[in-house]
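Notes follow once the structure below has been shown.
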Amino acid sequence: MPKLRIPAFILMFLALLAWSAAPAAAQSILRDAETEALLHDMATPLIKATGLDPANVDIVLVNDPSVNAFVAGGQAVYINSGLINEADTASEVQGVIAHELGHVTGGLGMATISSCAAFATVSGSSIATAVTIAKVSVPQMLRYGYSQKLAVACSATGGTLGVLIPPSGILVVYSFVTSTSIQRLFAAALVPGL
């Protein structure tokens, strides 16, 4: 029986390799000035309502018959042509655009907080985390039309993760002062920190 495990593993590996090497189905972008202008006009009030600059957000029409839309590459909303074909009113298309803009609006803020969590695991310091990530993320968030209050708030709140995520300097000091097990403190702080 053990002799068959190695050939079975090799066959499984080769099957996975062949499956992953299959070419992805390419999607083409539909370029039509009138359609692009219409979609941009429909999306402009929604983009302004999210606090973003309409000049920085692209609405792209993808040649795909499925009813779908998605966000990729920062501030680009991709709408499949199948959605346009199946929609009964322009309001339905606007509703989908509004939904996808919600992903755009929160995306950079969520990336900032995730970066704070990753940096906090290395530094263990809330202040170092907030300052370091803010130096990088705040200018980018302002560039993409986020308000200054939101940009600074994302970095500041994300920086507080440095207290919770091990190795936290504050937890080490607390453990020393109170003679509490550092392993227990790290274990207790890990779940809320993540």
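The values are calculated or read from the model by the stated rules, or taken from the named source; none is laboratory data. Just so it is clear, the model here is predicted, and its values are computed rather than measured. Note: ideal-geometry Cβ built from the backbone for every residue, glycine included; neighbour counts use all protein chains shown. Note: accessible area is taken over every heavy atom of the protein model, side chains too, but ligands, DNA and RNA are not part of it. Shrake-Rupley method; radii C 1.70, N 1.55, O 1.52, S 1.80 Å.
Things worth noting here:
- Ranked by the mean number of other Cβ atoms within 10 Å per residue, highest first, peptides 62-70, 115-123 order as 115-123, 62-70.
- Rounded to the nearest 10 Å², the accessible area of SER147 at probe 1.4 Å: 60
- For region 89-106, backbone phi angles converted through the Karplus equation (6.51, -1.76, 1.60; θ = phi - 60°) give residue-by-residue couplings of 9, 5, 5, 5, 5, 4, x, 5, 4, 4, 4, 5, 5, x, 5, 5, 4, x Hz, Gly and Pro being listed as x.
- Largest accessible area first, the listed residues MET42, MET110, MET141 line up as MET110, MET42, MET141 when surface is computed with a 1.4 Å probe on the assembled protein chains.
- Two-site label geometry, THR35 and GLU92: point separation in nm, points 7 Å out along Cα→Cβ: 1.7
- Under a 5 Å amide H cut-off, with hydrogens placed 1.01 Å from N, ASP58 pairs with ALA76, VAL77 among residues at least 5 apart or on other chains.
- Accessible surface, per residue, of region 60-185 when the full set of protein chains is kept, probe 1.4 Å, Å²: 53
- For region 159-170, the Karplus equation 6.51 cos²θ - 1.76 cosθ + 1.60, evaluated at θ = phi - 60°, returns couplings of x, 5, 5, x, 6, 8, 7, x, x, 8, x, 5 Hz by residue, with Gly and Pro reported as x.
- Cα centroid of region 139-194 to Cα centroid of region 46-80, whole Å: 33
- Per-residue HN-Hα couplings for region 128-145 [Karplus 6.51, -1.76, 1.60; θ = phi - 60°; Hz; x = Gly/Pro]: 4, 5, 4, 5, 5, 5, 4, 4, 8, 7, 4, x, 5, 5, 5, 4, 8, x
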